[in-house]
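Everything on this sheet refers to the single structure shown next.
The values are calculated or read from the model by the stated rules, or taken from the named source; none is laboratory data. These numbers were taken from a predicted model, which means no experiment stands behind them. FYI the Cβ positions are ideal-geometry reconstructions off the backbone, even for glycines, and counts take in every protein chain you see.
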Amino acid sequence: MRAQQFVVIGLGRFGASLALTLMELGYEVLGIDHIEERVEEMSDLLTHAVMADATDESVMRSLGIRNFDCGIVAIGDNMERSILAAILLKELGVKQVVAKAISILHGRALERLDVDRVIFPERDMGIRVAHQLVTPNLLDYIELSKDYRIVELTVPACMDGKSLAQINTRARYGCSIIALKRGEGREEGVIVAPTAHDYLYEGDIMVVIGTNESINRFEQEAI
Ligand code: ADP
């Protein structure tokens, strides 16, 4: 079952942004921080915001933390407190525990505690921005495995009005266009599994799947 109720521990930049997005998506969010101003700032924006020390077991028990489906430890200023908060969430029986790591070593410690998902926001965003800087048309990408990825690219002017048959990515580069999203003002919206007879227009978004090598060649030679 998907998580419905989230507890976010640490309402710094990362925790606050995550909590607000979950609210926008329609979920219930309890935000916890031990700094009063952080809690006040968020109190009208979250389902509940509580000032508490997330490493205090009795306080966490009294907040009914064990009833939450997912807990996110977003403490980025103190490794020890992050680890203690993660242990508590696990021990209290929160079904899924996610924790933000400040360093590789911190990440390894969290993994050893059986935290379900360890995230490295600064490292991952650094990688993402580097990819986007060297490929200006790149909007987003997903790594499927070590060798394969899916990328979202903006259709450049040089491809405007060409059909997929003319671009022929599969034969030329070994990657496939699996979806098209039309640019502003065009009616078709999203075309899933486009055929050779679908056309590309500047500003459309194409979703491409392939090996890293094939996509690199496509980006460098065709775009
Ligand atoms: P970011 O880098 O995302 O801005 P910060 O490290 O600045 O993150 O923020 C972490 C937040 O976690 C701070 O608001 C801090 O008060 C809070 N925090 C740290 N330790 C605890 C704790 N034991 N209990 C509750 N909140 C905590």
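The condition (being more than 16 Å from the ligand (Cβ to nearest atom) and in a loop (DSSP other than H, G, I, E, B)) is satisfied by just one residue among 77, 114: 114.
The residues on offer are 151, 155, 115, 192, and the sole one that is in the same structural domain as residue 88 (by TED's automatic domain parsing) and either over 30 Å from residue 87 (Cα atoms) or touching a Lys or Arg at 6+ places or on another chain (Cβ under 8 Å) (or both) is 115.
Kindly establish whether residue 40 is loosely packed, with under 14 Cβ neighbours inside 10 Å and either more than 8 Å from the ligand (Cβ to nearest atom) or modelled with pLDDT of 95 or more (or both). Quick ask: steps written out before the conclusion?
Numbers: loosely packed, with under 14 Cβ neighbours inside 10 Å: yes; either more than 8 Å from the ligand (Cβ to nearest atom) or modelled with pLDDT of 95 or more (or both): yes.
Yes, satisfied.
The residue that is nearest to the ligand (Cβ to nearest atom), among those in the stretch 80-99 that are touching a helix residue (DSSP H, G or I) at 6+ places or on another chain (Cβ under 6 Å) and not in a helix (DSSP H, G or I), is 99. Would you mind finding the one in 46, 22 that is surrounded by 16 or more Cβ atoms within 10 Å (Cβ to Cβ), in a helix (DSSP H, G or I) and more than 9 Å from the ligand (Cβ to nearest atom)? Just one listed residue meets the conditions, 22.
Determine whether the stretch 162-174 contains at least one residue that is in a loop (DSSP other than H, G, I, E, B), in contact with a Lys or Arg (Cβ under 9 Å, 6 or more places away or on another chain) and under 20 Å from residue 212 (Cα atoms). Taking every residue of the stretch 162-174 in turn, at least one turns out to be in a loop (DSSP other than H, G, I, E, B), in contact with a Lys or Arg (Cβ under 9 Å, 6 or more places away or on another chain) and under 20 Å from residue 212 (Cα atoms). Filtered by the rule that a residue be outside any loop (DSSP other than H, G, I, E, B), touching a Gly at 6+ places or on another chain (Cβ under 8 Å) and under 23 Å from residue 119 (Cα atoms), the stretch 50-74 gives 65, 66, 72, 73.
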